[in-house]
Amino acid sequence: MKKKFIDRIREMKGGEILEPVIFPDSLDSLKTMAPIIIKQPYAIDYIHSYGQDSPWFAGLANKKLLGTKCCKCGYVFATPKLSCMECGAECDWVELPQEGRIHSFTVCHFGAEAFLDQCPFILGLIEFEGADTLLLTRLVGPNPNEANLKWVGMKVKAEFVQKPECKPTDVYFVPV
Ligand SMILES: [Zn+2]
């Protein structure tokens, strides 16, 4: 393979390329050219309604963990549900215990842009006494590089961020 005539352009500022982009004398080598990578700011205002799930976020902002319970069959969801996924009837809000156990977990070595600088981090599925479903949430405390199956069944408790942003990340779990 021909030697790449351009390794990688790294020096960028606001989308402006600070180094000259060189060009080969022969077009034959263009297919071996390394991709040009540019950097530019990217920001949008994203307006999103939580609708019927709003009480769940209001709960987090007030250090309460809410679930929902079917008015007909009594199925308890550890997440906001307006309608029961078992029988379709309406659900009411209930308060969940703030302690539970790790049902399963995964260590994320890659994530959405907002979480990239926190990799590796742990996502856990938490089971609660009296709830029929699980809550997917961040697990903080255990070393992600020492993940092991002994964590399954570990007692954990909810912690709430000091400055709630009305996001699912307003709550996370730590070992008891
Ligand atoms: Zn039901």
Regarding segment 49-64, can at least one residue be identified that is touching a Leu at 6+ places or on another chain (Cβ under 8 Å) and assigned to a loop (DSSP other than H, G, I, E, B)?
no
Applying the selection to segment 90-102, what residues are away from the ligand (no atom under 16 Å from the Cβ), among the aliphatic types (A, V, I, L, M) and more than 20 Å from the chain's Cα centre (by Cα)?
Leu96
Among the residues of segment 45-55, is there at least one that is at pLDDT 95 or above, in contact with a Pro (Cβ under 6 Å, 6 or more places away or on another chain) and not β-branched (Val, Ile, Thr)?
yes
Which of the following residues is β-branched (Val, Ile, Thr) and either more than 16 Å from the ligand (Cβ to nearest atom) or at pLDDT below 95 (or both): Val76, Val21?
Val21
State which residue pairs qualify: first residue closer than 17 Å to Lys157 by Cβ and among the basic types (Lys, Arg) and inside segment 55-71, second residue in a loop (DSSP other than H, G, I, E, B) and open to solvent by 50 Å² or more (accessible area, probe 1.4 Å) in any location, beta carbons under 6 Å apart, and separation of 6 or more residues or different chains.
none
Out of Phe110, Phe105, Phe128, Phe121, report the one residue that is of a type in the set (Phe, Trp, Tyr) and either within 15 Å of the ligand (Cβ to nearest atom) or at pLDDT below 95 (or both).
Phe110
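The values are calculated or read from the model by the stated rules, or taken from the named source; none is laboratory data. For clarity, every value in this text was computed on a predicted model and none was experimentally measured. Neighbour counts run over all protein chains shown; Cβ positions are idealised from the backbone, glycine included. Surface accessibility is based on the protein's heavy atoms, side chains included, excluding ligands, DNA and RNA. Shrake-Rupley method; radii C 1.70, N 1.55, O 1.52, S 1.80 Å.
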